[in-house]
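Report on the following structure.
The values are calculated or read from the model by the stated rules, or taken from the named source; none is laboratory data. As the structure is a computational prediction, the values presented were derived from the model and not from experiment. Heads up, the Cβs are rebuilt from the backbone with ideal geometry, glycines too, and the neighbour counts pull from every protein chain shown.
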Amino acid sequence: MISVAIATYRRARALSYSLSSLAAQTRPPDEVVVVLKPSGDGSEEVVERFSKALPIRLVVQEEGGPAAAYALAIREARGDLILFTDDDAVAHEE
């Protein structure tokens, strides 16, 4: 099982491109763990919009910075393999 982990904060616009590229994969991930530190920028709505196309699990980060977000993603991911990508990265379809 492959999990893709994305930590995001105030990047709703970029996050939509990243999730769109994951949805277009020739071998989609079994799970996408989005660790989101709330910011009011609409990121939650972006995750909700893509939840129909991807098996997304939204994890809300209450405190800490990027390192805490990555640790939270590792704890929450269910996959045998965890792939990290940035919230502004566009994955190649293969």
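How many of the residues making up region 17-63 are among the β-branched types (Val, Ile, Thr) and closer than 14 Å to Asp86 by Cα?
To start, the set of residues in region 17-63 that are among the β-branched types (Val, Ile, Thr) comprises 26, 32-35, 46-47, 56, 59-60.
Now drop any that are not closer than 14 Å to Asp86 by Cα, which leaves 32-35.
Counting residues in region 17-63 that are among the β-branched types (Val, Ile, Thr) and closer than 14 Å to Asp86 by Cα gives 4.
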Does region 1-16 include one or more residues that are loosely packed, with under 14 Cβ neighbours inside 10 Å and at pLDDT 95 or above? yes
Output the number of residues of region 27-58 satisfying the condition of being in contact with a Lys or Arg (Cβ under 9 Å, 6 or more places away or on another chain) and of a type in the set (Val, Ile, Thr). 4
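Would you call Ala23 modelled with pLDDT of 95 or more, among the small types (Gly, Ala, Ser) and crowded, with 20+ Cβ neighbours inside 10 Å?
Criteria not met by Ala23.
Can you say whether Ser39 is in contact with a Phe, Trp or Tyr (Cβ under 9 Å, 6 or more places away or on another chain), surrounded by 15 or more Cβ atoms within 10 Å (Cβ to Cβ) and of a type in the set (S, T, N, Q), as far as the supplied structure shows? Quick ask: steps written out before the conclusion?
Values: in contact with a Phe, Trp or Tyr (Cβ under 9 Å, 6 or more places away or on another chain): yes; surrounded by 15 or more Cβ atoms within 10 Å (Cβ to Cβ): no; of a type in the set (S, T, N, Q): yes.
Taking the combined requirement at face value, the residue does not satisfy it.
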Restricting region 50-94 to residues that are surrounded by fewer than 14 Cβ atoms within 10 Å (Cβ to Cβ) and among the basic types (Lys, Arg), which is modelled with the lowest pLDDT? Lys52
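Looking at Val90, is it over 15 Å from Ala5 (Cβ atoms) and either in a loop (DSSP other than H, G, I, E, B) or touching a Ser or Thr at 6+ places or on another chain (Cβ under 7 Å) (or both)?
On the way: over 15 Å from Ala5 (Cβ atoms): yes; either in a loop (DSSP other than H, G, I, E, B) or touching a Ser or Thr at 6+ places or on another chain (Cβ under 7 Å) (or both): yes.
Considered against the rule, which asks whether it is over 15 Å from Ala5 (Cβ atoms) and either in a loop (DSSP other than H, G, I, E, B) or touching a Ser or Thr at 6+ places or on another chain (Cβ under 7 Å) (or both), Val90 comes out as yes.
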